[in-house]
Every structure is written in structure tokens, then in C-alpha cells.
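Before any comments, here is the structure.
The values are calculated or read from the model by the stated rules, or taken from the named source; none is laboratory data. Only a predicted model underlies this, so the values are computations on that prediction, with no experimental measurement involved. Virtual Cβ from ideal backbone geometry, glycine too; neighbours counted across all protein chains shown. Accessible surface is based on the protein model in full, side chains and every heavy atom, while ligands, DNA and RNA are left aside. Shrake-Rupley method; radii C 1.70, N 1.55, O 1.52, S 1.80 Å.
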Amino acid sequence: MVLCQGGEGDAAPAAGGKEPEMPPCREDGASAVQPCLCPASGVEAAGDEQRRACGCCSGMSWPCCCEAPGTKKKAACPGLGLFYTILSAFLFSVASLFLKKIEDVHSVEVSAFRCVFQMAFVLPGLIYYKTGFLGPKGKRIFLLLRGCFGSAAMVLLYYAYQAMPLADATVITFTSPVFTSLLAWIFLKEKYSLWDLLFTLFAITGVILIARPPFLFGARVTGIEGSYTNHLKGTIAAIISTVSAASAIVLLRKVGKSVHYFLSIWYYAVIGLIGCVVALFVLNEWRLPYCGRDRVFLILIGLLGLGGQIFLTKALQIEKAGPVSVMRTMDVVFAFILQVLFLNHLPSWWTVGGALCVVASSSGTAIRKWRHSVKKAKQREI
């Protein structure tokens, strides 16, 4: 037996759509970075051009197949992908808590620091995979738009976290799957059923319960932070952020796997940093925090956000998207817990009701998409 070194897998395809000279080994459909055992070169007769393939390796040739005769397939740890998802949700929630704790730092400046961390992480990957910094000519406009929508979503979300209760802003962001389905139906001609319409109405109901407009709930609105004007501004920012994030996801679907994952993040970070710097000079808000604690919080926000994204990407590599999307609703649970423990702000029953509507909507959308993908996979096998 000899060792066949593993590669990065499907989440990071080769630049320009070129296949690597030696396909990476994979285990359990995941992007395994550990080496896998393969038969020695003497197993097959010399000059034999007929090579066997298996479904687990997407048809790659027999010597680099993880289920070749004589090999022992390593069993994946059950529930590891879901554990990564919960860990990702926890890191994102803690980063949001630190954002609430920062004083006198504009949300645009926090976003700029986050973009710097993203660039520092992605740059070595771009150099290693030799993807270039611009991407394929036919895809650059989509990458540019993805960067604009993604960075706008980040800035507006950070503003929403500062302007309204942590749990309220987190709940609104979970309407993203509903808006993604709607935009995919409009621009990508994907199927949009009555169930999707029902989930959309559920999401809108949840947002209304959180925003609590006075013309529906009266002039005396309880359970909010500060003035109702700031609460309303935060709600609008969170909704626009969610629509922008959904637009970025639709653009990524349009691009497909022809563009490296790191390149997509690179556009997102660079465009976000440029936009944040311009906005800070226009608003005259550029300044380092005076308190050493706030500087530590800025660094932790960047690190925790990066860690959350890494664990979420890893979860999607080793687990189906449906269970991961459902498990991501733990973000809402962590947001409620952290808000009560560290911000001393009890959520109102309106917020709880809105959260239940939004979580039911996003979970239902994710489960329907998951079942549809499983059904299509079975039909292809037949």
C-alpha cells in the first residue's frame, strides 16, 4: 500500500476550471485533507488503460479512488458537520455580542476591520492556488456585484446590531433563505411553489412582530432599546442587509463552481474595504477607539467572524446543506441567551413570536430545498 495525498476538494476548485494533474483523494464525499490509502502501482498490469471508477470519487480513476479494492474506508464521525455548524453559530453570536459592547465606533469602521481580516486570510490561499486576483473575464461582473451586495449586507447588519436588540437583528437575518428563493425564482427561473409563498408570508409576519409599527401596535411600543426611531432604522437596515445577502447568494449560484471560493471572498473583502474607507471619510467617522478594551473587541470580532465562516464552510463540506441550514437557527438561540446574560435585556413576547415565525419559515424553506435536491439525486441515479 502507498499513500495518496489528499487535496482541498469541491469547495475550492482549481483556478480557471482546470483539473489538477493528480486528482485528490476524498472520503465520504468530503474534502479530506488527510491522506488515504490506495493500492500500490503494481496492483494493475503495466500499460493497462482500462481503469475502474466508483461513485464516491465522482468517477476518478481507480488508483486514486478511496474505495479501491483492498482499502479500508474510514468511517466519518457522525454529527461532526452539525457540531461545526453549532460552533460556527456560537462564534458568530459572540462576535455580535462584542459589537454591541463596543462604544463610539461606527459600524462602517468595524466592517473595515473585518474586511482587513478577510483579506489577510484569503491572500495566501489565492497565491497557493494560483487563481489570480481578477478571475475569469466572463465572471468578473458577477464577482463585482457579489462583492458589492456582500459588503453592503455586512455593513448594514453591523449597523442593525448597534441600533436594535441583538436577538431582533439576528432573527431578521434568518429571513435570508426566503428572499433567496424569491430572487432565484425571479432571476434564475427556479421553481417557486405555494409552500415558498407561505414561508415568505411567515417571514414577513415575523419581521412585523419584531418591528412593531405604531399603526398596528399603537403609539406605546415596549421591549425595544432606546428610541423607536433607532429601532425602526435598525429594522430597515437588517431587512436591506438580508435582501443584499440573498442577492449575493443568487449571484454565487449564477457563477457556479467555475470560480474559486477564495476568489469570491477576495472580491467581497476588497470591495467592502474600499467602500468602507470611502464612507468613513465622507462621514468623517474614521478614528481608532480610545479604549484598549474596544480595540481588543475589534480584533476579536475579526477573528471570531473568520472562525465562524471557516467552521460553516467545513460543515457544508461534510454535511448536506439542508441539516446545516436548519441547525444554523441556533444563532437565534445563542443571541437570546447572550442578550439576557450579558446585555441585561429581556426579549418581549412579540420578539419571541416573531422569532418562531422566522425560524419556522427559514427551516421549512431549507428542508424543502434539501428534500428536492435528494429527490433529484435519486432520479439521476436511476
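Given a 1.4 Å probe and the protein chains as shown, residue 300 ends up with an accessible area of around 60 Å².
For residue 187 and residue 303, a Förster radius of 25 Å and the Cβ-Cβ distance give a FRET efficiency of 0.10, rounded to the nearest 0.05. Per-residue Karplus couplings for the stretch 139-152, computed as 6.51 cos²θ - 1.76 cosθ + 1.60 with θ equal to phi - 60°, are listed in order as 10, 5, 5, 5, 5, 5, 5, 4, x, 5, 5, x, 5, 4 Hz, Gly and Pro entered as x. Note that the stretch 261-378 presents 53 Å² accessible area per residue, ligands and nucleic acids not counted, probe 1.4 Å. When the trypsin sites (Lys or Arg not before Pro) in the stretch 169-275 are filtered for DSSP coil states and for at most 11 other beta-carbon atoms within 10 Å of their beta-carbon, the remaining sites are 189, 191, 220. Database remark: amide H of residue 260 closer than 5 angstrom to the amide H of 16 (H placed geometrically; neighbours at sequence offset of 5 or more, or on other chains; Pro and chain starts carry no H).
Distance from the C-alpha centroid of the stretch 246-265 to that of the stretch 105-147: 12 Å, rounded to the whole angstrom.
Overall size of the stretch 80-379 from C-alpha positions, given as principal axis extents largest first: 54, 50, 36 Å. Remark: accessible surface ordering of 158, 84, 261 (largest first) is 261, 84, 158, probe radius 1.4 Å. In the context of the full protein assembly, residue 174 retains an accessible surface of approximately 20 Å², using a probe radius of 1.4 Å and ignoring ligands and nucleic acids. Please label the shape of the stretch 139-239 as rounded, prolate or oblate, based on the square roots a ≥ b ≥ c of the eigenvalues of the alpha-carbon gyration tensor (a/c under 1.5 means rounded; beyond that, a/b larger than b/c means prolate, else oblate). Oblate.
Residue-wise HN-Hα couplings along the stretch 100-110, as the Karplus relation 6.51 cos²θ - 1.76 cosθ + 1.60 with θ = phi - 60° gives them from phi, are 5, 7, 6, 10, 6, 10, 5, 4, 5, 5, 4 Hz; Gly and Pro carry x.
Taken per residue, the accessible surface of the stretch 73-226 reaches 48 Å², heavy atoms only and a 1.4 Å probe. Accessible surface of the stretch 80-379, 1.4 Å probe: 71 percent of it comes from carbon and sulfur atoms.
For residue 296 and residue 128, the FRET efficiency from 1/(1 + (r/R0)^6), where r spans their Cβ atoms and R0 equals 25 Å, is about 0.25. On the basis of the beta-carbon distance and an R0 of 51 Å, residue 217 and residue 381 show a calculated FRET efficiency of 0.45.
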